[in-house]
Amino acid sequence: MLIDVHAHFYTAVSGRWDWRERDARRLEVGGRLGITAHIASVLGTWGRLSPTYFPAPDHVTLGNAAMLEVQRAHPGLVFGYCTVNPNYGKHALEEIDRWLGEGMVGIKLAASRRASDPLLDPIAEAAAKHGVPILHHVWQHRRRDWPGQEASDAAELAALAVRHPRTKFILAHIGGGGDWSHSLRVVRKTTNIWVDLSGSGVDVDMLHAVIGDVHPTRLVWGTDATMCTGWAKLRYLETAAGLAADRLELIRSDNALELFRLEVGHAGH
Amino acid sequence: MPVTDVGAFLGAYPYRHLGSAASPEWLLAQMDRLGIDVAWVGYLPTILHSDPAPGNRELEKAVAQVRDRLEPVPTINPEQALWQEDVNAAALLRAPAIRLFPQYQGVATAGPESRAVAESCVKAGLAVVLSVRLEDLRQRHPLDRAGELEPHEVRALIRAVDGLRLVVTHADRTFIEEVHFGLTPEEADRVVWDISWLWGPPDDHLQHLVRTVGPERFVFGTGTPLRIPDATVVKLELSDLEPDTLAGIRGGHLGRWLGRRDGGR
């Protein structure tokens, strides 16, 4: 069993003429890799109608509706995160109630507001109430902001996690893309943060650090935008880093099954 | 054709702790694990050395006993007064190529110093390896302000130096397109690209470029030990490219491009 906790799908409103082809390709390659469940999000309109990381409320709703369509088209194989923009707190909570009520399994926070901001507290409380995890886009570069997003780092996510010990958080892509060497030392001590192995970052020392710093019960597998890099990291852990089979199973699926309380494999998948 | 990695390194990297991954033993173990026959290896410490010659000698020594697997790619610093001696040493060593790191050496990629080195390499029968980047810009150490190579610099260098053969590593789709379609077909034929920074599925940038730019322009490169070599291997495995194209990227294209029958050795 293999569970991808960090996937994305495109939609008719995402501004990509090839969105069907890309979504089909994700599922086709997923089949080849043996992915049992794609847990995925749609970030608004992917920049078409409002910025990817600062989506307008209406566009958040459009994206979530599209995500649920994909989930319903592939029952037991695709599961949705409800994406929210915490700057619109009332709307965010309405979205969470609505889409989790429709069967989505988690909450996705990207980069509209730093993770440590009090505006995220009601969202973290809602996640605990619904018993679902929050996947938070994280990369570390504290020296300056970067265009297009208000990215959080691991320390900021940890501040939120400490305030909400009943809520389970997933730190996206090992903090990679940013300076993961800061992130991993922070999350080592914050036991309600899991780390996903997705993302384009494939640094050798990053992988050795993640298995050294984070207990395997808190590692989950994922792909994000590039499936080959996620798959390569899993293969490296298996064939080069010498991770034991039982630990690999935790990463491949067991931890995610427990986090999301998933029932996978319906409808012939 | 042997599977040949044009983008490997040995040695310590100033901004990260690579540990045993900096050693030839580690690299050879990864190559064995993944079926990589030969690696062109640069030497990471020399990217910041005003005089790379001592580091080049360390590289030579490190690969001396395994020259059938590890081909040295010495660093030339165009600002070093006696750089010609270093090019001559690379030729004597029968290196397949030399490396320039203009961003780290503080020289213009297509400026007079770099052009002079490139012209010397043409005469010596050496290819030149350039890396667009070594790490994601977003994760750089605060003191690593070297920046990234720009497409116009590669276009300018290839146009300026007749006969120059460039191996460019760590380029993404946009970079490759802006160089390839900004050159004449004859100029573009003198450039090959490693696939280490190209996206695989679901966006499939590698497959797209094979269709638009042509398969012969792409060669196998990993960027290890800064990056896991598995990423390049998996990218090919997950592609829908034809077996001939896959074999070409793994080694055949490089061999033909260099005019050698042994895949670049």
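No value in this document is a laboratory result; all are computed from the given coordinates. What you are looking at is a predicted structure, and each value in this text was computed from that prediction instead of being measured. As a convention, Cβ positions derive from the backbone with ideal geometry for all residues, glycine included, and neighbour counts pool all protein chains shown.
How do B:E242, A:E249, A:E156, B:E71 rank when sorted from fewest to most other Cβ atoms within 10 Å of their own Cβ?
Working: B:E242 11, A:E249 14, A:E156 20, B:E71 23.
Fewest-to-most Cβ neighbours within 10 Å comes out as B:E242, A:E249, A:E156, B:E71.
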If I build a Gaussian network model for chain A, linking alpha-carbon pairs within less than 10 angstrom, which residue out of A:G89, A:G101, A:G47 has the largest mean-square fluctuation?
A:G101
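So what are chain B's ellipsoid semi-axes, whole angstrom, largest first, if each one is the square root of 5 times an eigenvalue of the alpha-carbon gyration tensor?
After scaling each eigenvalue by five and taking roots: 24, 22, 19 Å.
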Which cross-chain or sequence-distant (5 or more) residues have an amide H under 5 Å from the amide H of B:A39, H modelled 1.01 Å from N in plane?
B:D5, B:L70, B:E71
Given a Förster radius of 51 Å and the C-beta distance between B:A81 and B:E242 as r, what FRET efficiency does 1/(1 + (r/R0)^6) yield to the nearest 0.05?
0.55
In Å, what Rg and Dmax follow from the Cα atoms of region B:115-265?
15.2, 44
For a protection proxy built on the mean count of beta-carbon atoms within 10 angstrom, sort A:207-214, B:217-224 highest first, please.
B:217-224, A:207-214
Region B:99-178 -> Rg/Rh from Cα coords, Kirkwood Rh, value 0.97
Convert each backbone phi in region A:12-18 into a coupling constant with the Karplus relation 6.51 cos²θ - 1.76 cosθ + 1.60 (shift: θ = phi - 60°), then list the ³J(HN,Hα) values in order as whole Hz, x for Gly and Pro.
4, 9, 8, x, 10, 5, 9
Please list, in chain and number order, the residues 5+ apart from B:D194 or on another chain whose amide H is under 5 Å from its amide H, with Hs placed from the backbone.
B:V168, B:T169, B:H170, B:A171, B:V219
In whole Å, how far is the Cα centre of region A:203-269 from that of region A:81-151?
23 Å
Which three extents, in whole angstrom, do the alpha-carbon atoms of region B:189-265 cover along their principal axes, largest first?
34, 30, 21
Fewest first, what order do B:C121, A:C82 take by the number of other Cβ atoms within 10 Å?
B:C121, A:C82
Karplus ³J(HN,Hα) for region B:100-111 (6.51 cos²θ - 1.76 cosθ + 1.60, θ = phi - 60°; Hz, whole; x = Gly/Pro) runs 10, 10, x, 4, 8, 8, x, 10, 6, 4, 10, x
If you look at just the Cα atoms of the protein assembly as shown, how large are its Rg and its Dmax in Å?
23.8, 72
Counting partner chain Cβ atoms within 10 Å of every residue's Cβ in B:218-228, what's the average?
3
Among all the lysines, which ones have a C-alpha under 21 Å from A:K129's C-alpha, if same-chain residues fewer than 8 places away are not counted?
A:K90, A:K108, A:K168
Just tell me which lysines come within less than 29 Å, Cα to Cα, of B:K61; anything on the same chain fewer than 8 places away is out.
B:K123
Over region A:75-143, what is the relative contact order in whole percent, taking alpha-carbon pairs under 8 Å and six or more residues apart?
35 percent
Return the sequence-ordered ³J(HN,Hα) values of region A:76-88 in whole Hz as given by the Karplus equation 6.51 cos²θ - 1.76 cosθ + 1.60 applied to θ = phi - 60°, using x for Gly and Pro.
x, 10, 10, 10, x, 8, 8, 8, 9, 10, x, 5, 10
Rounded to two decimals, what is Rg over Rh for region A:3-260 when you use alpha-carbon atoms and the Kirkwood radius?
0.93
Give me the one-decimal nm value for the distance between modelled label points at B:Y15 and A:R166, 7 Å along each residue's Cα-to-Cβ direction.
4.4 nm
Other chains near A:203-213: what is the mean number of their Cβ atoms within 10 Å of each residue's Cβ?
4
Considering amide H positions built from the backbone, and no H for Pro or chain starts, which residues 5 or more places from A:S41, or on another chain, come under 5 Å of its amide H?
A:A7, A:H8, A:F9, A:Y81
Which residues in region A:188-229 have a backbone N closer than 19 Å to a point placed 7 Å from the Cα of A:D246 along the Cα-to-Cβ line?
A:211-212, A:214-220
For B:L137 paired with A:E28, estimate the spin-label separation in nm (one decimal), with each label point 7 Å from Cα along the Cα-to-Cβ line.
3.3 nm
Range of Cα positions in region B:1-141 per principal axis (Å), largest first:
43, 36, 26
